[in-house]
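Working notes for the structure below.
Just so you know, all these numbers are worked out from the coordinates, no wet-lab data involved. Not measured: the values here are computed from a predicted model. Cβ atoms come from the backbone with ideal geometry, glycine included; neighbour counts cover every protein chain shown.
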């Protein structure tokens, strides 16, 4: 999948997620991940769509994958985008692993 195709597919999946079409969004993010398993935004977006669709266990796995990828990226490229994304991913993981109040 070429980079432009990736960007288009991610944009479509995000759009579907925002529209509440979680199953379609999940399919879109998964299509990107099939071609590019280490795509940070696709892993994070997949987690959000899975969580919104009620698949909390799968969402946790996707967020943990995103967290590992962000940490790896920050080792060589500690730019603010990854620092912010690292905090966002950790917040989603905490939401799914800490007991409800």
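If r is the Cβ-Cβ distance from residue 58 to residue 15 and R0 is 22 Å, what FRET efficiency results, to the nearest 0.05?
Values: r = 21 Å, r/R0 = 0.95.
Step by step, r from the Cβ atoms, then E = 0.60.
Return a whole-number percent for the relative contact order of the chain, with Cα pairs under 8 Å and 6 or more residues apart as the contact set.
Values: 101 pairs, mean separation 19.4, N = 101.
Reported as a whole number, the value is 19 percent.
For Rg and Dmax of the Cα atoms in Å, pick the label among [x] 17.4, 62; [y] 12.4, 39; [z] 13.3, 44 that corresponds to the value derived from the coordinates.
[z]
Arrange the peptides 27-33, 60-66 so that the one whose residues have, on average, the most other Cβ atoms within 10 Å appears first.
Details: 27-33: 20.0, 60-66: 22.0.
Ranked by mean Cβ neighbours within 10 Å, highest first: 60-66, 27-33.
Can you give the extra length, in nm with one decimal, that the chain gains between residue 71 and residue 4 once fully stretched, where that is 0.36 nm per residue apart less the Cα-Cα distance?
Details: separation 67, 0.36 × 67 = 24.12 nm, distance 2.49 nm.
Answer, rounded to one decimal: 21.6 nm.
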